[in-house]
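Trainee: Let me give you the structure first, and then I'll get to my questions.
The values are calculated or read from the model by the stated rules, or taken from the named source; none is laboratory data. It should be emphasised that the depicted structure is a prediction, and the values quoted were computed from it without experimental measurement. Ideal geometry is used to build each Cβ from the backbone, glycine not excepted, and the neighbour counts take in all protein chains shown. Accessible surface is based on the protein model in full, side chains and every heavy atom, while ligands, DNA and RNA are left aside. Shrake-Rupley method; radii C 1.70, N 1.55, O 1.52, S 1.80 Å.
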Amino acid sequence: MNKLVVISGPSGVGKGTIAKALIERNKDMALSISCTTRAPRIGEKNGREYFFIPKEEFKEKIANNGFLEYSEHFENYYGTPKDFVLEKLKEKTVILEIDVNGGLKVKENMPEAVLIMILPPSLEEVRNRLIKRNTESLEKIEKRMQRIEFELGKKEQYDYSVVNDKLQVAIEEVENIIKK
Ligand code: 5GP
């Protein structure tokens with residue numbers, strides 16, 4: 001049976017890198033694509049990183065029960081399109097890369113989902129990664145840091161947590177959990 005896997009963790013913790021590595025190494029795994037109302041960052045493509053849609057369209061989709069979960073952060077909406085995930089699950093294990101609240105909502109709707117939280121070796125390390133990524137102002141980074149502390153507080157409600165100290169080790173750990 002194909003599994004629904006949720007990978008969460010603070011921005012900048014490397015969860016995207018881990019998720020991408022997993023689908024490259026395992027042809028029976030696929031990434032879900034979320035909808036968002038935020039603007040694409042440089043290098044991002046509609047239908048690849050996200051489906052970038054206007055707020056009105058997002059709200060319509062909420063009203064039509066079109067999301068497995070959705071949330072609002074940094075004044076934008078993010079959501080997991082239900083049809084897209086259920087369709088993909090017919091063929092492959094589907095990985096959702098979403099925030100902690102979203103992950104817990106998915107678990108409510110689909111208790112068989114496996115929730116994995118990626119942890120940074122330290123909070124300082126996260127701040128440095130965000131600064132290095134250079135896509136946001138320092139003020140925004142501070143806001144994200146507050147959110148990160150909140151997310152890490154929900155660790156106990158996840159099925160597994162994996163520290164991303166050495167990337168290769170973290171990838172293998174997550175892979176082993178999924179294949180268990
Ligand atoms: P970013 O703007 O950096 O791409 O994402 C901001 C936050 O939104 C991240 O914590 C990311 O995991 C979360 N996110 C992305 N897609 C979804 C989604 O479909 N649902 C929820 N709840 N959060 C999401």
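Trainee: Among residues belonging to region 16-55 that are within 15 Å of the ligand (Cβ to nearest atom) and open to solvent by 80 Å² or more (accessible area, probe 1.4 Å), point out the one that is nearest to the chain's Cα centre (by Cα).
Mentor: LYS20
Trainee: Follow-up. Based on this model, can you work out whether ILE171 counts as at pLDDT 95 or above and assigned to a helix (DSSP H, G or I)?
Mentor: yes
Trainee: With the requirement that a residue be within 13 Å of the ligand (Cβ to nearest atom) and surrounded by fewer than 16 Cβ atoms within 10 Å (Cβ to Cβ), what does region 61-72 give you?
Mentor: Of everything in region 61-72, those that are within 13 Å of the ligand (Cβ to nearest atom) and surrounded by fewer than 16 Cβ atoms within 10 Å (Cβ to Cβ) turn out to be ILE62, GLU72.
Trainee: How many residues, within region 52-88, are within 24 Å of ALA30 (Cα to Cα) and in contact (Cβ under 8 Å) with a residue 40 or more places away in the chain?
Mentor: 10
Trainee: Could you please let me know if LYS140 is within 16 Å of the ligand (Cβ to nearest atom) and open to solvent by 20 Å² or more (accessible area, probe 1.4 Å)?
Mentor: yes
Trainee: Do we find that ILE98 is surrounded by 13 or more Cβ atoms within 10 Å (Cβ to Cβ), within 15 Å of the ligand (Cβ to nearest atom), under 15 Å from the mean Cα position of the chain (by Cα) and at pLDDT 95 or above in this structure?
Mentor: In short, no.
Trainee: What number of residues within region 73-93 are away from the ligand (no atom under 12 Å from the Cβ) and among the aliphatic types (A, V, I, L, M)?
Mentor: Matching residues across region 73-93 total 2.
Trainee: Find the helices (runs of 4 or more DSSP H) located wholly in region 8-108 whose residues include 2 or more that are closer than 20 Å to TYR160 by Cα, and list them.
Mentor: Fully inside region 8-108 and qualifying: 15-25.
Trainee: If you take the residues of region 121-170 that are β-branched (Val, Ile, Thr) and in contact (Cβ under 8 Å) with a residue 24 or more places away in the chain, which of them is nearest to LYS105 (Cα to Cα)?
Mentor: Ranking the candidates gives ILE148 first.
Trainee: Given the criterion on the phi < 0 side of the Ramachandran plot and without any contact (Cβ under 8 Å) to a residue 60 or more places away in the chain, identify the matching residue among GLU97, GLU91, GLU49.
Mentor: The conditions single out GLU49.
Trainee: Right, here's the next one. Given the criteria aromatic (Phe, Trp, Tyr), farther than 24 Å from ALA21 by Cβ and within 16 Å of the ligand (Cβ to nearest atom), does PHE150 qualify?
Mentor: Considered against the rule, which asks whether it is aromatic (Phe, Trp, Tyr), farther than 24 Å from ALA21 by Cβ and within 16 Å of the ligand (Cβ to nearest atom), PHE150 comes out as yes.
Trainee: Could you please let me know if ILE118 is within 12 Å of the ligand (Cβ to nearest atom), outside any loop (DSSP other than H, G, I, E, B) and under 17 Å from the mean Cα position of the chain (by Cα)?
Mentor: yes
Trainee: When PHE58 is evaluated against the numbered criteria (1) under 16 Å from the mean Cα position of the chain (by Cα); (2) open to solvent by less than 50 Å² (accessible area, probe 1.4 Å); (3) at pLDDT 95 or above, which criterion, by number, is the only one it fails?
Mentor: Result: PHE58 passes all but (1).
Trainee: Taking into account only those residues within region 109-120 that are touching a residue at least 12 places away in the same chain (Cβ under 8 Å) and open to solvent by 60 Å² or more (accessible area, probe 1.4 Å), which is nearest to TYR160 (Cα to Cα)?
Mentor: GLU112
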